[in-house]
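Report on one structure; see the data block that follows.
The values are calculated or read from the model by the stated rules, or taken from the named source; none is laboratory data. Quick caveat, the model's predicted, so the values are computed rather than measured. Here Cβ is always computed from backbone atoms with ideal geometry, including for glycine, and neighbour counts include all displayed protein chains. Calculation scope for accessible area: heavy atoms of the full protein, side chains included, ligands and nucleic acids excluded. Shrake-Rupley method; radii C 1.70, N 1.55, O 1.52, S 1.80 Å.
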Amino acid sequence: MKRLILEQSSDEFYTSHSGLALAGACINRYSDLARYVGRVANGSDHIAEIDILRSYLGLLCLGKSDYQAIAAMREDDYFKQALGIGRMSSVERLRQRLDEAGTALVPVINRCSRTMLKRLKAPINGYRNGLVPLDVDVFPQDNSNTKKEGVSRTYKNYDGYAPIAAYLGMEGWCLEVELRPGSQHSQNGFVGFIKRMVSGAKELTRQPILVRADAGNDAVETLVALEDTENTHYIVKWNPRKSDIVAWRDKVFAEGPVKTPRPGKRICTIVVEECRKVEEKTYIFKRVVRVIERTIDKNGQFLLAPEITLEGWWSDLAIAPEDIIELYRQHATSEQFHSEFKTDLDLERLPSGKFATNALVMTLGAFAYNILRFIGQTGLIAPFGSMRHSAKRRRLRTVIQELMYLAARLITTGRRLKLRFSRHCPAFTAFSAVYSRLVPARHIRFIIKS
């Protein structure tokens, strides 16, 4: 291999993150963030509130959540141009301004995120029966060995936070992430949260909504709230708590058809209706109950005592019990969405010691999540995603690697800006397709060339 001669240009400007042009178009052209957040610079630093948010959103779209990352962008002309930033902040001012904003901006950013998805006409796909899933779940964030406000013991047995998130459609659009102390039970405040999420989902789709929640939300209040919501169905995992497992086994095997998939294993599923009276109104709730009894394990070993598994699902769907179980099984996909927050966006250990600031950071994280999800669904799915294997959804890490971190040369000619890519750029077709989708030809700001 020949020895390389290293040179640094004195006038040419190159960027390793040309994908910020796509993120900037989503923020500035399709959301009302600049409309609802102050554009005018105020205070001693002369930096507008919108510039603070644009800066941090830009960092999140690159998979960086720490304040220190802004230091490398202060002299980056492309970072400012792509995101429409008027004045860059320092590390200290970014931290201070986010602390000052706190939770006041959280509802505004959530509303602007939904507005962006609506204007982008983001595809929201459901199942063949027309139901669009709305998955609601709590996930823990490990912030152990810190003294951050709100950090407490989570159900995973480590110190951290336990935010609750809602994802819409097969694509997993994030409607909202609400930061919560680690010790807060998932049912605490859940009814108000789910009502807000269903209302937000109906702004984006007219199809019936299928709410899916796990056993932590098995409560009469949850079922009543979902029953009273129009054009909404639900599947909530039943929590057996202190139920008599043997009595349930005898009841289920006596009333339902028993299947024997292999020697020593019996499965039976029945539907049970339960009448509840809540505030002068009577509700009839349907519960699918499944019992699995094993007397021989999968390796052929006889068990001294039968191993009994009792499961159940509350649902108002008028379909076969097996179909209800299968629909709930696909609720597990939301675990991948949690992982994308914690790893791809680097939002496992939150950057601030203040709870309100971290709540704002998680809300901005949901905004950046939707931006990257849209870019991935538009540019990295067939026919433009030929550089990757076929898929219905791209992980955020893939979007960041393939489209956000894409090297290009920034050229200023007259009053125009050009992005020039390498002659061998596998992602150029996908990048130009997304940019043309976001910025019509008559509004082109960057001229994209290969």
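Quick look at the values:
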item	result
Estimated dipole of region 227-352 in Debye, rounded to 20 [Cβ of Lys and Arg +1, of Asp and Glu -1, Cα centre]	720 debye
Over region 10-80, equivalent-ellipsoid semi-axes from the Cα gyration tensor in Å	21, 16, 12
Residue among ALA366, ALA162, ALA219 with the largest mean-square fluctuation in a Gaussian network model of the chain, springs linking Cα atoms under 10 Å	ALA219
Residue-wise HN-Hα coupling along region 66-73, computed from phi with Karplus coefficients 6.51, -1.76, 1.60 (Hz; x: Gly, Pro)	7, 4, 4, 5, 5, 4, 6, 9
Relative contact order for the chain, counting Cα pairs under 8 Å that sit 6 or more residues apart, in percent	18 percent
Charge-dipole axis of the chain as Lys and Arg at +1 and Asp and Glu at -1 on Cβ define it, positive-most pick from TYR155, GLN81, TYR127	GLN81
Accessible surface, per residue, of region 181-324 when the full set of protein chains is kept, probe 1.4 Å, Å²	54 Å²
Segments 259-272, 67-80 sorted - mean Cβ within 10 Å per residue, highest first	67-80, 259-272
Cβ charges +1 (Lys, Arg) and -1 (Asp, Glu), total dipole of the chain, debye	1680 debye
Rounded percent of accessible protein surface that carbon and sulfur make up, region 113-241, 1.4 Å probe	45 percent
Accessible surface of region 1-77, 1.4 Å probe, proportion on carbon and sulfur as whole %	47 percent
Rg and Dmax [Cα atoms of the chain; Å; Rg one decimal, Dmax integer]	25.4, 85
GNM top mover of ASN28, ASN188, ASN129 - the chain, alpha-carbon springs below 10 Å	ASN129
Violating pairs (Cα-Cα greater than 26 angstrom) within the set LYS195/LYS237; LYS392/LYS418; LYS156/LYS242; LYS259/LYS286; LYS64/LYS237	LYS392/LYS418; LYS64/LYS237
Centroid-to-centroid separation of region 1-25 and region 144-198 [C-alpha atoms, Å]	39 Å
Region 1-130, accessible area per residue, ligands and nucleic acids excluded (1.4 Å, Å²)	52 Å²
Of all accessible heavy-atom area on region 330-439, the percent that carbon and sulfur account for (1.4 Å)	49 percent
Accessible-area value, PHE302, 1.4 Å probe, nucleic acids and ligands omitted, Å²	140 Å²
Max mean-square fluctuation residue, GNM over the chain, Cα-Cα springs under 10 Å, options GLU171, GLU293, GLU307	GLU307
